[in-house]
Amino acid sequence: MDYDDFFAGELDRLRDEGNHRAFAELERRCGAFPAATCHNGPGEVTIWCSNDYLGMGQHPKVLAAMHDALDRSGAGAGGTRNISGTTHDHVLLEAELADLHGKEAALLFTSGYVSNWAALGTLAARIPGCVVLSDALNHASMIEGVRHSRAEKVIWKHNDMADLEAKLAALPANAPKLIAFESVYSMDGDIAPIAEICDLAERYGAMTYLDEVHAVGLYGPRGGGIAEREGLMDRITVIEGTLGKAFGVMGGYVAGSSTLCDFVRSFASGFIFTTALPPAVAAGAAASIRHLKDSQDERRAHRACVAEVRARLDAIGLPHLDNPSHIVPVIVGDPMKCKFISDRLMSEHRIYIQPINYPTVPKGTERLRITPSPVHSDAEVDRLVAALEDLWSQCQLARTAVAAQ
């Protein structure tokens, strides 16, 4: 077999479908986010699709904490947490995370993907006879964790409580059960009915595993996520989150009882056999969490910018999914046109929004996933809306009824 020929053929197929991904080589400008330099493109650009939702990756408190830790401890952690890599900064960060979610303990991982894969995989594999009930739109990391566990998996219709209850009722009453779901779903921006899921979990004797990666830092009086905002954290068995989105740094974690966290720590290969995060990263994340526990300014400005972008898109009739979250998915519905708009936004308007095509979203729902932030200016909103209106017309795409009024 000619392996390279096979690889080239598969890549050509992706290109023909409009689904091949090209990376913009970006250099974020410290202190000037969302400005960045695109080294393989037009130069200075404005980023409109970052998951650094609040711009905390540039916050002075975060940078100062990282500089301090780097000067104190050097670059690396020195190894895995089990051998030589548990540092004081890791322990302090886990304490901040446990406090954030009102839990006894937290356990730090190298990324949100790893925390889902390791924690779900370990819990489902090692609880005898465990059945995982997984929302149909769960993230790939959750799906991989359940697959890795080899536990029985039951998929329930997205956010459908009747279907979840039917699936629970069909299982043996004494079977261990784990309901896995997200709070904010990152592609459509909809939010799970957490209270209703907890009601069913309690009725049928199931544990709950909530992925809050797109909500931590953004929702709740201290940034604890949707479960904090709705007063439900105490009803969730495991809360999983990330440090790489609204907190602006890197890493993932789970929070729960001290026994559960110790159990995962003791048995999860994704924790045991991987090098720990650098202390400077842990220190920066802890500083970000501490700041957002106290400050409402970033969240308030964030909500205002999201509302402004939505209103401006409505005014020109560009279709975007109506959802209660901060994610603004502008639906193009065609992979080639989606890529065309993304390319022209970059080359002609110096606006960076990566196209979201299959397999991240189903075919026919291709979109531009816009993430307004508190550091986007009114002038940048004006430029974004004008550019989208121009390119929408060039592609002869449909508009909503608002534009005709």
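If a residue has to be over 18 Å from SER183 (Cα atoms), touching a residue at least 40 places away in the same chain (Cβ under 8 Å), surrounded by 15 or more Cβ atoms within 10 Å (Cβ to Cβ) and of a type outside the set (A, V, I, L, M, F, W, C) to count, how many in the range 127-154 make the cut?
0
When you scan the range 72-79, do you find a residue that is out of contact with any strand residue (DSSP E or B) (no Cβ under 9 Å at 6 or more places or on another chain), in a helix (DSSP H, G or I), touching a residue at least 40 places away in the same chain (Cβ under 8 Å) and buried (at least 17 other Cβ atoms within 10 Å of the Cβ), even just one?
Yes: one or more hits.
Give the residues of the range 25-35 that are in a loop (DSSP other than H, G, I, E, B), open to solvent by 50 Å² or more (accessible area, probe 1.4 Å) and either in contact with a His (Cβ under 9 Å, 6 or more places away or on another chain) or aromatic (Phe, Trp, Tyr) (or both), sorted by residue number.
Of the residues in the range 25-35, the ones in a loop (DSSP other than H, G, I, E, B) are 25, 29-34.
Those left that are additionally open to solvent by 50 Å² or more (accessible area, probe 1.4 Å): 25, 29-31.
Result: GLU25, single match.
Across the range 321-348, what is the total count of residues that are touching a residue at least 40 places away in the same chain (Cβ under 8 Å), under 29 Å from ARG13 (Cα atoms) and not in a loop (DSSP other than H, G, I, E, B)?
13
Quick one: which residue in CYS49, CYS38 is crowded, with 16+ Cβ neighbours inside 10 Å, in contact (Cβ under 8 Å) with a residue 40 or more places away in the chain and out of contact with any helix residue (DSSP H, G or I) (no Cβ under 8 Å at 6 or more places or on another chain)?
On the way: CYS38 fails: out of contact with any helix residue (DSSP H, G or I) (no Cβ under 8 Å at 6 or more places or on another chain).
Going through CYS49, CYS38 in turn, just one is crowded, with 16+ Cβ neighbours inside 10 Å, in contact (Cβ under 8 Å) with a residue 40 or more places away in the chain and out of contact with any helix residue (DSSP H, G or I) (no Cβ under 8 Å at 6 or more places or on another chain): CYS49.
Can you name the residue in the range 6-24 that is outside any loop (DSSP other than H, G, I, E, B) and open to solvent by less than 100 Å² (accessible area, probe 1.4 Å) and, of all such residues, is nearest to GLU366 (Cα to Cα)?
Of all residues in the range 6-24, those outside any loop (DSSP other than H, G, I, E, B) come to 6-17.
Now restrict to residues that are open to solvent by less than 100 Å² (accessible area, probe 1.4 Å): 6, 8-12, 14, 17.
Numbers: PHE6: 27, ALA8: 24, GLY9: 23, GLU10: 20, LEU11: 19, ASP12: 19, LEU14: 14, GLU17: 12 Å.
Restricting to residues being outside any loop (DSSP other than H, G, I, E, B) and open to solvent by less than 100 Å² (accessible area, probe 1.4 Å), the top hit is GLU17.
If I filter the range 244-291 down to residues being within 17 Å of the chain's Cα centre (by Cα) and in a loop (DSSP other than H, G, I, E, B), which single residue comes out as surrounded by the fewest Cβ atoms within 10 Å (Cβ to Cβ)? Talk me through it step by step, then tell me what you get.
Quick first cut of the range 244-291, residues within 17 Å of the chain's Cα centre (by Cα) only: 244-255, 285, 288-289.
The next check asks that each one be in a loop (DSSP other than H, G, I, E, B); those that pass are 244-251.
Working: GLY244: 20, LYS245: 24, ALA246: 31, PHE247: 31, GLY248: 26, VAL249: 27, MET250: 18, GLY251: 26.
Looking at the filtered set, the residue picked out is MET250.
Specify the residue that is nearest to PRO34 (Cα to Cα); the eligible residues are those in the range 346-380 that are buried (at least 17 other Cβ atoms within 10 Å of the Cβ) and among the charged types (D, E, K, R).
GLU380
Kindly indicate the residue of the range 161-183 that is under 25 Å from VAL213 (Cα atoms) and either touching a residue at least 60 places away in the same chain (Cβ under 8 Å) or out of contact with any helix residue (DSSP H, G or I) (no Cβ under 9 Å at 6 or more places or on another chain) (or both) and also least open to solvent (accessible area, probe 1.4 Å) among those meeting that condition.
Among residues in the range 161-183 that are under 25 Å from VAL213 (Cα atoms) and either touching a residue at least 60 places away in the same chain (Cβ under 8 Å) or out of contact with any helix residue (DSSP H, G or I) (no Cβ under 9 Å at 6 or more places or on another chain) (or both), the one least open to solvent (accessible area, probe 1.4 Å) is ALA180.
Residue by residue, here is whether (1) within 30 Å of LEU368 (Cα to Cα); (2) out of contact with any Phe, Trp or Tyr (no Cβ under 8 Å at 6 or more places or on another chain) holds:
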| position | (1), (2) |
| --- | --- |
| PRO128 | no, yes |
| GLY189 | yes, yes |
| ALA195 | no, yes |
| GLY217 | yes, no |
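If you take the residues of the range 95-126 that are polar (S, T, N, Q) and within 28 Å of TRP156 (Cα to Cα), which of them is most open to solvent (accessible area, probe 1.4 Å)?
SER111
The values are calculated or read from the model by the stated rules, or taken from the named source; none is laboratory data. Everything numeric here is computed off the predicted structure, so don't read it as measured data. Cβ atoms come from the backbone with ideal geometry, glycine included; neighbour counts cover every protein chain shown. Ligands, DNA and RNA are stripped out before the accessible areas are found, and what is left, the full protein with its side chains, is counted by its heavy atoms. Shrake-Rupley method; radii C 1.70, N 1.55, O 1.52, S 1.80 Å.
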